[in-house]
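Inspection log for the structure reproduced underneath, given as structure tokens.
The values are calculated or read from the model by the stated rules, or taken from the named source; none is laboratory data. In this text the structure is predicted, and so the values were computed from the model without any measurement. Note that we place each Cβ from the backbone using ideal geometry, even for glycine, and neighbour counts take in every protein chain shown. SASA here: full protein model, heavy atoms, side chains in, ligands and nucleic acids out. Shrake-Rupley method; radii C 1.70, N 1.55, O 1.52, S 1.80 Å.
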Amino acid sequence: QKTFAGGRAGRNKPRRSTQTKTAHSTKGNPTMPSSIIRGKHVVTKITGPSTAEVIEDGAVFQRDGEIVEVGPYSELSRRHHPDEIIGSSDHVVIPGLVNAHHHVGLTPFQLGALDAPLETWIIARWAMRDVDPYLDTLYCAMQMIESGITTVMHNHMASRLPPGVELFDAASQIVDAYEESGMRVAFSLSDRDQNHLVYEDDERFLATLPSDLAADARRQINARPITLEDYLTANAELLGRKSTDRTRIFISPHNVHWCSDEMLRAISDFARRNSTGLHIHLHETIYQKMYGARHWNKTPLAHLQELGVLGPEVSCAHGVWLTEYDIDIMAETGTALCHNPSSNLRLQSGVAPLNPLLDRGVTVALGIDEAGINDDNDILQEMRVAQKIHREPGVASPAPTSHDIFHMATVNGAKVTFFDKQVGTLEPGKRADIVLIDTRRINEPYLNPNTDIVDALVYRGKGLDVDTVIVDGEVLLRNKVFQRFDKAAVIARFKESLSQPLSERELNRGALSRRILPHIQNWFETWPLEAGEPHYTYNLAE
């Protein structure tokens, strides 16, 4: 096992950033040995709402990171002579899981921002301290790997730039951290150019504030202006310098109401010219849906369709307030949704209409977002939340199956991150992104032996059951121990970086947040909430 050294052995690239950098010693391009990965069950892929291809006492043989053969362990062990055999009859072997929408490591709650409705929560986050993006991402990657995540869609907001750090450098720190972790990442910088405080022109809202507060708020939102040209240039540089076998570069307008039509068209054009993915937040709250009715007399998704933005290269995060017509648009255009159930519950956003989306054949992936239900990036528990909150009342009412959820966290996650030709299933020719889950806790003290293994994982699995994680044939986590770095040393270095007193800038930002929050709250309280026919009915009032 390599040790956490505080520097990058063999990586002497100059860094323009002033942020603290810490990493482990790694091989520049490690040669992957051959291996047989075995288990009592090998779940190769989902084949239907209640079926999967499962090989009992099965195994996967991989060489140089490519899956060569999948079949019974007895047969593969006779035909192949691998460098090592991984796993046992206590393990389940599954494809690497995909977190299809994510932002940060330390959660807002850990940094002092309690759960609240999104519109006020965003402003409350100003009071959070600045966090080293490299260390935060490496910490986040460790948590995800420990829960069986091998691929992530990481969306970083350009407005979160620390002082003195250029846009490309800030993005590079995050991509570099994922590179060091060994994970796959679809990385995007999100940007915006309007409505920074409420869902209204900035100057019109500032005019309603006391003059001193307006001046301070104006300085805050104008502190790091990023032109559209600068944003596109940074993304082009990321595409040219940071794309690798394990890294995809996406582009991201932050949300429809936060971006002018000019920005939306320019970003969409960039994505198509460069054959990259476009990732956007959408219909996360009722206020965002209402903004569409007020400004375009249509939903934000319908406005994107009018602008020509939608298509199979587009994935939308949240989609809580989609209408039936919106779902039809997504199905017709091939636009995908990244579902984030815990985040939507924590921020009072609501419950996305998963059942109608699946019924219409929309590609739906699963994301943890800023914080899962337990602040621990455990995607197995996120899968369980996703399944349970969509169980509509009634014996004949729809509900997602364990297989539906597993498919969202594997195949559909691979699709929206553009890794679907490489990962998502365990089949010859695919890359060896594989997770071994120890079933002993899941089975204790008793589990009906006829229980479907996919049901068992979704009903009872937790990140603490993940034993070994492999990406491209490389073992990143073996017997719960990281192979690329020392976990305790990473956390110790991160804790040290967080032990510094708050800067004057951070203190002032927190004070400004507290001063302006009542005005944000009052502004949104003037919006009478829309009423309509719900997708789901959980209870009735007389």
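A few remarks follow.
- Selection from the stretch 231-247 of residues that are open to solvent by 30 Å² or more (accessible area, probe 1.4 Å), part of a helix (DSSP H, G or I) and of a type outside the set (Ser, Thr, Tyr): 232, 236, 237, 239, 240, 241
- Among the residues of the stretch 371-393, the ones that are among the small types (Gly, Ala, Ser) and modelled with pLDDT of 95 or more come to 1 in all.
- If the condition is being of a type in the set (Val, Ile, Thr), within 20 Å of the chain's Cα centre (by Cα) and either modelled with pLDDT under 95 or under 17 Å from residue 188 (Cβ atoms) (or both), then the stretch 307-336 contributes 314, 335.
- Where residue 204 falls short, out of the listed (1) buried (at least 18 other Cβ atoms within 10 Å of the Cβ); (2) over 22 Å from residue 234 (Cα atoms): (1)
- Some residue of the stretch 218-230 being open to solvent by less than 10 Å² (accessible area, probe 1.4 Å), at negative phi and either aromatic (Phe, Trp, Tyr) or touching a helix residue (DSSP H, G or I) at 6+ places or on another chain (Cβ under 7 Å) (or both): no
Yes/no matrix, rows are residues, columns are (1) without any contact (Cβ under 8 Å) to a residue 60 or more places away in the chain; (2) closer than 17 Å to residue 260 by Cα:
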{"residue": "204", "(1), (2)": "yes, yes"}
{"residue": "207", "(1), (2)": "yes, no"}
{"residue": "210", "(1), (2)": "yes, no"}
{"residue": "230", "(1), (2)": "no, yes"}
{"residue": "244", "(1), (2)": "no, no"}
{"residue": "247", "(1), (2)": "no, no"}
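- Given (1) farther than 14 Å from residue 95 by Cα; (2) in contact with a strand residue (DSSP E or B) (Cβ under 9 Å, 6 or more places away or on another chain); (3) among the hydrophobic types (A, V, I, L, M, F, W, C), index of the condition residue 426 fails: (1)
- Test: residue 66 is among the acidic types (Asp, Glu), touching a residue at least 40 places away in the same chain (Cβ under 8 Å) and surrounded by fewer than 18 Cβ atoms within 10 Å (Cβ to Cβ): yes
- Within the stretch 271-327, considering residues that are assigned to a helix (DSSP H, G or I) and of a type in the set (Lys, Arg), the one most open to solvent (accessible area, probe 1.4 Å): 273
- Set 104, 165: member being open to solvent by 10 Å² or more (accessible area, probe 1.4 Å) and among the β-branched types (Val, Ile, Thr): 104
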